[in-house]
Amino acid sequence: MEKIISIMGWETVKTIVGLVGVLIFVVFNALILTWAERKVAGHMQRRIGPKEVGPFGLIQPIADAIKLLGKEILTPREVDRPLYWLAPVLIFVPVLVSFVVIPFDASLQVRDMNAGILVILAFSSLSVLSILMAGWGSNNKYALIGAIRSVAQNIAYEIPLLLALLPVIMMANSFSLKAIVEAQQGLWFVVCQPIAFFIYFIAAVAETNRTPFDLPEAESELVAGYHTEYSGMRFALFFLAEYTNIFIVSAIAVTFFLGGYQGPFLPGIVWFLLKSYCLVFVIIWLRWTYPRVRFDQLLNLSWKALIPLAFINLLVTGGLLKL
Amino acid sequence: MNFAEIIFLFIIAVTMGGAATAVLAGSVVYAIMGLVVTMFGVAALYVYLNSPFVALMQILIYVGAVTVLIAFAVMLVGPLYRRPKEWTTAGKFGAALGVALVSLLLFVRFVTETFPRAGAPSFEMTTKDIGRLFFDDLVLPFELISLLIVVAILGAIMLALFARGNK
Amino acid sequence: MLAGLGVTIRAMFQPVVTSQYPRQLLAISPRFRGHIKLLADADNPDKNGCIACGICVRNCPSGSIKDIEGEKREGEKRKTATSYRLDFTTCSQCGICVETCPSNAIDFSADYNPAGFKREDFHYDLVKEFEKRKKSS
Amino acid sequence: MVEKIKAELGAALGGVEIRETEYRERGYHLSCEASPGELLKAARFFDECGFYLAAIVCVDYREYLELVYIFANHSALCKTKVTLKLDPAKPAAPTLSAIFDCAYWHEREIREFYGVLFDGHPNLTYLFLHEGIDAYPLRKEQVLLADEDKKALGAFRPEEGEDTFFVNLGPQHPSTHGVLRVVLKMDGEYIQSAEPVLGYLHRMHEKMAENRSYLQFLPNPSRMDYLGAMSFNLGHVTAVERLCGIAVPDRANCVRVIATELNRISSHLLWLGAYLADLGALTPFLFVFDDREQINDVLEAVTGSRLTYCYFRFGGLYNDVDEAFIAGTKAFIERMRGRFGLYEKLVGGNVIFINRTRGIGVIEKERARKYAVSGPVLRGAGIAMDMRKAEPCAAYSEMDFDIPVGTRGDALDMYRVRVREMGTALDIIEQALARLPDGPVMAEKVPKKLKPPKGDLYHTVETPRGELGIYIVSDESDRPYRMKWRVPSFSNLMIFPELARGNLLADAVAILGSLDLVIPEIDR
Amino acid sequence: MTDFLYNYLHVYLFVALFMLFCGIVGVVYRRTLIGMLVSLELIMNGAGLNLVALNRFVSPENAYGTAFTLIIMGIAAAEAAVALGIIILIFRKYRHIEGGDLREMRD
Amino acid sequence: MLDLARANSIWPMTFGLACCAIEMMSTAMSRFDLDRFGAGVFRATPRQADLMIVTGTVTRKMAPVLTRLYEQMPSPKWVIAMGNCAISGGPFVFEGQYNVIEGVDLLVPVDVYVPGCPPRPEGLLEGFLKLEEKITGKRRFPGPDSRW
């Protein structure tokens, strides 16, 4: 063990261990979330949701996962093979990278980077690319339209997302996620930056392609969007990435606006997960309440409302900080 | 050879391979994928050059914005774009040969030449330093680039409007 | 916008309306129209009431009822069916056979959840089913 | 009105005999027989007078084919039948599709079922049938398709142009609620043209009608429109009763109204849920099903089935309602009144919903007339036309209710009209319950075998989707000689290509949803 | 310590030059405008790499090279946006995006 | 184990043809809640579905579409023929009919038949249980009560 450490360096080992932990967490998180989503949706619709499979249906997501793994690996004819194969794998990279820098607790963080948030933002653009690959590689019109929509949407919403995070970065005076959490010792940033939080949340919902912004996979229009042609395992990867993304945006929101792992009585990680899952719940709640917006309305909302608002917010914050 | 060095060689190979793909690939989509790989490689090289901030910006801007934009444009025109043959086979081989030759020559030239070599990592460049630099010494280029971007955005909007009006 | 959120969250804490088949069975209304069955004769509960007249065969819109045969036993005025085949898979549960039956020998069963692995599972011989029912009761 | 039209039409046609007919027996006031030239003149005349073309029916009398055109009016009750005799060997007729847009599909339908060639029709290709058909299905004698006919009918081959591509909405697609296929020619996300392809659920109802007795046809209407099964059942039953002159007891009439209106609410509820599901919100879908289950419980208790009711019989009802039914209905009314507020909060007041539907798929009054749309779509366009008021059957004439109309004719208006219609349906049920008389539910003398007198009848009822017209020709036998179902969704879908043009794909889904289509009814 | 491969300037310059050449070949030989744009991005990238490497090895005491790389990125982004706008416009007009055939760009 | 997982996570494809489609929807809705058995995830694309519920009359025009959709599903895949039309053409079969496929089992292999016109949602649920029985080889719930 020590030999390995000496060869590869302490940091590397820590990162690898962290990555394994992250992988386990990702799978676990997705399982929990799919179960919670179905259960919450069920109760919002006054039915039960998964019940017969395991106590309270808790085994349900595991059954789903095993089933998906056991499906025939099917590559449709006429797909662009390399792209089709690569896309579901690639969509996972940003997810894993993001977990590396998220501080779950004061000491529970794979790596605290100087430019932590930049890492997440930089790599999150990769998912767009893999969606494009999936859409193009599937050689299917629904998939392609879904992919194009998804990209336009992601580009449009990445800007307000960034602009909403900037005031917080200015106030905390650091890119490091840990420093940002530490800066909220006394007061959560959501109190002094409610507009930024609002903008961030909307943009985040849009980034994760959830209702009311789920245009790329709009079932009634595009069948299933960019993953129309994917089945079994590969579809499971998309699915996993989607749910992990939901958790990540919530986790970032918690880190930036809701005081991260800080809270009385309970250990930090509990607070962190509690806050994150509350936000996840809100996202699920939104999904089961609202209809979907239209494409041009979606873009208009971003370009005409959120971005100007975010800019103004940024200017005001900058001005106030200077004073 | 240690671990970091192997990775370094691997990165270089990937970068150059990506660049070659970007130029030689038959389909534009693959060219773009090659470009993405190259950009990631370059970003990794930036990390080796002690500039993680630049590396991140590279990914954010090049991969996140530029390539995505290009790919987006391809897909917009894509459905109609019947994947034309970009290269004739002869042309492909010719180009490959030419690139290989020139690189070989250069490589020989490089090996014989001595360049200054870095000593111990000299200083840790932080975002603060870069920011300060932009607002002190490089304020003019910085302002110019902002102006350029504004003009570019306006230009793109005008183009889009023109395109729509034309229809 | 927010009102909608209120509606869903309130619904979340309201009791569910699910009736959990197969754990709980929904009350099936007595008039439920399943496939048809033969009733017992009003005078003699041991035998079915069908007199094999064939009116239901003629009136069935989709030809689901076939092969009605009957025999006249000694000492009886009417025939009694010995074979009454129903191809439930073409039935449209309209109830015309029940209505037109002159001896009121047909009624809907409450068999609300048939399912099987073969088409032929639903080609019933109602006389046999009647006998089976008689035996089990 | 009738007198005036008779005089003016006579003047316009010049010398053609126009007969006045007994409306109670025939369902139309005037009839005349025309030549092809006169038919065009008549059509233009009716177009100028603001009539709409309710239906085109073709009847094969063996010696000759007859085209029957029914013209009707939105504002006054005045129906005219214009007939045109054709040579069965080489049937040809002028097209009316240049005057009335709705003729476009009716004529295509007649072309593939009877082989009538319409001169000047832009696109006589298969609408319903698949290309393996080699005879005209509804001709009385087997007439095989000539080779060139076959080629012409199978000519629909959408081809991608340079700058466009196609999106196939359906036949299996989540938003079409069944098996409708719409071929959308897209330019980016915008629709250049839309071409519906029907017939994926063509179940030969009209052919079956000719092979079965009136009684045996009873289960079929409810399978045509499974959501408004009661209304279709009602239409069939009342039409045959009208043809045979059977009087129905009061109680039966009242129960018919109650059952039909309950079914209408259930249909509108399902529309509401499905429409919201189209727009991306799933929860309302489950909420409306919760309400529908209440209706199903009530109706199942008397009719025995949950969906494809076969409850009405010639002369009355299948069985009587009991106290439990009345109590259940009252409880449902109580519950439903409270639910409207919830839907308003969840749907009608939602900014996203309003933005998605406002100004989408606008139908102007004139266009509505040309396409002969009906039902809530027509009322959404601002024309207060309801067959329950205009030509009441059962006990509707004794009910007091108002007709909700829209103002702009867009999808939002259709939503509002349907929701308010649910309210009026509740009112009607309440009135019917209040005056539910005692007595038998079956007329006394109904012959076992119905043999209506010779003649024809055009009978209409209001289904949840609009005007259902039933055209029956009787030849005194126990089975109809010809039974044509003029279904509301058919006309309502016809307007879709025009509404969709130039809109986004997402809007097309919203428009298609707002028309409330039931595909088996279109395909029959 | 200093003998590691990644501490030699050669390597970086070589990679940068390779990218430059690839880019030039691409710009010259590619037929579609988008292909050319891709090649152009390669050149820009090579330049950026060059700058940072030289900055690191030749004048490690300041960060001008790095700063200029960032500026290059800005330029590249702007250039890509405008170029793509033009490409899409051309595409709508001429229905193809092959550079060689665009003799006439007046109207 | 795999079979158990498969049996408990049958994702049906949204494939509504006619009247029975409405009853299929009812089955998925609050009152009957198909999701209890993990089968409530209706996928719109055949690639992600395990089960095709044929709900309604299959016409000759629809038949090629149906077989293509079936072929697009990755195995293991199952088919439930719901309603009399899907089983045998139902009431729409008569002498000289020209447009109805007399039973979807002529096109694709059918695993479970649920007769009725339309079947009650319980019928479809029972069909699901039968399908689970077929996959795992044993029945989870006590047998159906037949109410003759």
Could you size up the charge dipole of region D:2-149 around its Cα centre, putting +1 on the beta carbon of Lys and Arg and -1 on that of Asp and Glu, and report it in debye to the nearest 20?
540
How much accessible surface area, in Å² rounded to 10, belongs to the heavy atoms of D:Glu334 with a 1.4 Å probe?
140
Excluding ligands, DNA and RNA, what is the accessible area buried between chains B and E, summed over both sides, using a 1.4 Å probe, to the nearest 100 Å²?
6800
Given +1 on the Cβ of Lys and Arg, -1 on the Cβ of Asp and Glu, and no further charges, what dipole in debye does region C:34-136 carry about its Cα centre, rounded to the nearest 20?
100
Report Rg(Cα)/(2.2 N^0.38 Å) for chain A, keeping two decimals.
1.02
Can you grab the distance from the C-alpha centre of region C:96-137 to the C-alpha centre of region C:1-62, Å, no decimals?
15
Can you tell me the FRET efficiency between F:Leu106 and E:Ile75 if r is taken as the Cβ-Cβ distance and R0 is 56 Å, rounded to the nearest 0.05?
0.25
Residue mean of other protein chain beta carbons inside 10 Å, A:234-243
1
Taking the dipole about the Cα centre of the protein assembly as shown, with the C-beta of Lys and Arg at +1 and of Asp and Glu at -1, give me whichever of D:Gly423, D:Phe287, A:Gly57 is farthest to the positive side.
A:Gly57
Quick query: amide H of D:Ala54 versus all other amide H atoms, modeled in the peptide plane; which residues come in under 5 Å with a sequence gap of 5 or more or a different chain?
D:Ile70, D:Phe71, D:Ala72
Per DSSP H run of at least 4 residues, take -39500 (n - 2.57); add these up for chain D, divide by its residues and hand me the 222 nm value, nearest 500 deg cm²/dmol.
-13000 deg cm²/dmol
Applying the Karplus parametrisation 6.51 cos²θ - 1.76 cosθ + 1.60 with θ = phi - 60° to the phi angles of region F:60-77, what ³J(HN,Hα) value in whole Hz is obtained for each residue in order, glycine and proline being reported as x?
5, 6, 7, 3, x, 5, 4, 5, 5, 4, 5, 5, 6, 6, x, 6, x, 9
Modelled FRET efficiency - R0 51 Å, D:Glu22 with C:Ala42, Cβ distances, 0.05 increments
0.60
Along its principal axes, what span do the Cα atoms of region D:222-516 show, with the longest given first and each in whole Å?
57, 41, 29
Stokes-Einstein at 20 °C, 1.002 mPa s, Kirkwood radius from Cα pairs: D for the protein assembly as shown in µm² s⁻¹?
61
Cross-link pairs D:Lys151/D:Lys207; D:Lys330/D:Lys448; F:Lys77/F:Lys138; D:Lys81/D:Lys365; A:Lys51/F:Lys77 - those with Cα-Cα distance over 26 Å
D:Lys330/D:Lys448
Determine the alpha carbon to alpha carbon distance for each of D:Lys389/D:Lys454; C:Lys118/D:Lys140; D:Lys6/D:Lys150 and list only those over 31 Å.
C:Lys118/D:Lys140; D:Lys6/D:Lys150
Can you give me the three principal axis dimensions of chain D from its C-alpha atoms, in Å, biggest first?
64, 60, 45
Sort out for me the Cα centre separation of region D:299-346 from region D:92-158, rounded to whole Å.
42
Averaged over peptide B:133-141, how many Cβ atoms belonging to another chain are found within 10 Å of each residue's Cβ?
3
Just tell me the longest site-free run in chain C, where the sites are trypsin sites (Lys or Arg not before Pro) in a DSSP loop having at most 14 other beta-carbon atoms within 10 Å.
C:24-71
What ranking of A:Leu86, D:Leu243 comes out by heavy-atom accessible area, probe 1.4 Å, highest first?
A:Leu86, D:Leu243
Using θ = phi - 60° and the Karplus relation 6.51 cos²θ - 1.76 cosθ + 1.60, list the HN-Hα couplings for region D:448-461 in order, rounded to whole Hz, with x at every Gly or Pro.
5, 10, 7, 10, x, x, 4, x, 10, 8, 10, 10, 10, 9
Percent of Cα-Cα distances greater than 22 Å, calculated over chain C
49
Amide H of C:Ala52 versus every other amide H placed in the peptide plane: which residues, excluding those fewer than 5 positions away on the same chain, fall under 5 Å?
C:Ala81
Karplus-derived HN-Hα couplings along region A:69-74 (A = 6.51, B = -1.76, C = 1.60, θ = phi - 60°), whole Hz, x at Gly and Pro:
5, x, 6, 4, 7, 10
Would you list, by chain and number, the lysines whose Cα falls below 24 Å from the Cα of C:Lys47, excluding same-chain residues fewer than 8 positions away?
C:Lys37, C:Lys66, C:Lys72, C:Lys77, C:Lys79, C:Lys128, C:Lys132, C:Lys134, C:Lys135
What is the spread of the Cα atoms of region E:3-98 along each of their three principal axes, largest first, in whole Å?
55, 24, 15
Please give the average number of partner chain Cβ atoms lying within 10 Å of the Cβ of each residue in F:107-115, rounded to a whole number.
4
When the helix-only estimate is applied to chain C (DSSP H runs of n ≥ 4, each -39,500 (n - 2.57), divided by the residue count), what is the mean residue ellipticity at 222 nm, nearest 500 deg cm²/dmol?
-6500 deg cm²/dmol
Can you tally the net charge around D:Lys451? Count Lys and Arg as +1, Asp and Glu as -1, for every other residue whose Cβ sits under 11 Å from the Cβ of D:Lys451.
+1
Check cross-link reach from A:Lys71 to the aspartates and glutamates: straight Cα distance under 12 Å, and skip same-chain residues fewer than eight apart.
F:Asp3, F:Asp50
For A:Lys141, counting only lysines whose alpha-carbon sits under 19 Å away and dropping same-chain residues fewer than eight positions off, the answer is D:Lys185
Among E:Ile87, E:Leu37, E:Met19, whose Cα lies farthest out toward the positive end of the dipole of region E:3-98, if unit charges sit on the beta carbon of Lys, Arg (+1) and Asp, Glu (-1)?
E:Ile87
Ranked by accessible surface with a 1.4 Å probe, highest first, in what order do D:Asp438, D:Asp147, D:Asp47 come?
D:Asp438, D:Asp147, D:Asp47
Helix-derived mean residue ellipticity, 222 nm - over chain A, DSSP H n ≥ 4, -39500 (n - 2.57), to 500
-22500 deg cm²/dmol
Region E:3-98 - charge dipole about Cα centre, Lys and Arg +1 at Cβ, Asp and Glu -1, debye rounded to 20
540
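The values are calculated or read from the model by the stated rules, or taken from the named source; none is laboratory data. It should be emphasised that the depicted structure is a prediction, and the values quoted were computed from it without experimental measurement. With ideal geometry, Cβ positions are generated from the backbone for all residues, glycine too; neighbour counts draw on all protein chains shown. Just the protein is used for accessible areas: all its heavy atoms, side chains included, with ligands, DNA and RNA removed. Shrake-Rupley method; radii C 1.70, N 1.55, O 1.52, S 1.80 Å.
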